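Below is one structure, written out as structure tokens, with a few remarks after it.
The values are calculated or read from the model by the stated rules, or taken from the named source; none is laboratory data. Only a predicted model underlies this, so the values are computations on that prediction, with no experimental measurement involved. With ideal geometry, Cβ positions are generated from the backbone for all residues, glycine too; neighbour counts draw on all protein chains shown. Remember, those area values only see protein heavy atoms, side chains included, never the ligands or the DNA or RNA. Shrake-Rupley method; radii C 1.70, N 1.55, O 1.52, S 1.80 Å.
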Amino acid sequence: MQDERKVFDRIPEQFDRMRWRYTPEMFAALIDYAQVDEKSRVLEIGPGTGQATEPLLKTGCRYLAIELGEHLADFCAKKFANYPNFTVVNADFETYDFGDEKFDLVFSAATIQWIPEEMAFGRSFELLKSGGVLAMASSPSEWRSTNPALADALDRVYDRHFVTETPYTHHGFRYENAANYGFADYHVLEFKSVREFDADGYVEYIGTHADHIGLVEPHRSAFFGGIRDAIEQHGGKLVMNLTDYLRLTRKP
């Protein structure tokens, strides 16, 4: 059975093309809170194709990314080859031997919830220097309110055609439990943005969702075709409201 954590490794180019980038304001807040500069040592857990990597790289910090997917790791290595301060290793955060290395910032963009909570917080705490920061970003979307009739039509497509054997799981992870593992000053910042898709773009975008990648025929064609038709019949676009959540906490 394929490791569910590696589901995105099958589609690196599509993933990089279609997944959103976080707002510049979010990165400004992160860099300010963690005081990231050229002297800092930063670890990113599961960069994927590096959607959230470059703003931190540009600070000049010494950057290590650990990526479980071999194709994603290779993609990142090529994408950031011009940054001498960037290193990516194809390995498992849960078992990788970091030696005596300690970090000023451990960063995750929509990845840490795939790791069992005790492991995620426990290893992050061990790897941070005293005063170091654990930052966890995610960007859930809301689009039902922008076109309720379209939302109802898409619901009908899901009810009829969405059949998958690849469920999305996050092991009951709770960001706010950071204090249970020794962290302090847990708080959440929010940053709003809007993204607009045409029918083909939205089909390609949802094709990067973990539980959509595993769709097989005959359901796959019927599902994606139904999504495309629904959007075309309801104005030809889908407007998505995004909220970047930046969850910050610090090792005392």
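Name the residue that is most open to solvent (accessible area, probe 1.4 Å), counting only residues in segment 111-132 that are within 18 Å of the chain's Cα centre (by Cα) and over 15 Å from ILE66 (Cβ atoms). Ranking the qualifying residues of segment 111-132, first place goes to PRO116.
All conditions in (1) open to solvent by 60 Å² or more (accessible area, probe 1.4 Å); (2) part of a helix (DSSP H, G or I) hold for ALA81, with the sole exception of (2).
Among the residues making up segment 200-240, those that are within 20 Å of the chain's Cα centre (by Cα) and among the β-branched types (Val, Ile, Thr) are VAL203, ILE206, THR208, ILE213. So which residues in segment 180-199 are more than 17 Å from the chain's Cα centre (by Cα) and of a type outside the set (Asp, Glu), if there are any at all? ASN180, TYR181, GLY182, PHE183, ALA184, TYR186, HIS187, VAL194, PHE197, ALA199 - these are the residues of segment 180-199 that are more than 17 Å from the chain's Cα centre (by Cα) and of a type outside the set (Asp, Glu). The listed residues are TYR181, TYR168, and the only one of them that is closer than 19 Å to TRP114 by Cα, surrounded by 13 or more Cβ atoms within 10 Å (Cβ to Cβ) and modelled with pLDDT of 95 or more turns out to be TYR181. Of the residues screened, GLY122 is one that is in contact (Cβ under 8 Å) with a residue 24 or more places away in the chain and either in a helix (DSSP H, G or I) or out of contact with any Asp or Glu (no Cβ under 7 Å at 6 or more places or on another chain) (or both).
For the residues PHE162, PHE197, PHE191, PHE223, the requirement of being touching a residue at least 60 places away in the same chain (Cβ under 8 Å) and open to solvent by less than 20 Å² (accessible area, probe 1.4 Å) singles out PHE223. Of the listed requirements (1) part of a loop (DSSP other than H, G, I, E, B); (2) within 17 Å of THR249 (Cβ to Cβ); (3) open to solvent by less than 10 Å² (accessible area, probe 1.4 Å); (4) not aromatic (Phe, Trp, Tyr), LEU43 misses just one: (1). Of all positions in segment 216-238, none carries a residue that is in contact with a Ser or Thr (Cβ under 7 Å, 6 or more places away or on another chain) and not hydroxyl-bearing (Ser, Thr, Tyr). For segment 88-108, the condition of being open to solvent by 10 Å² or more (accessible area, probe 1.4 Å) and in a helix (DSSP H, G or I) holds for none of the residues.
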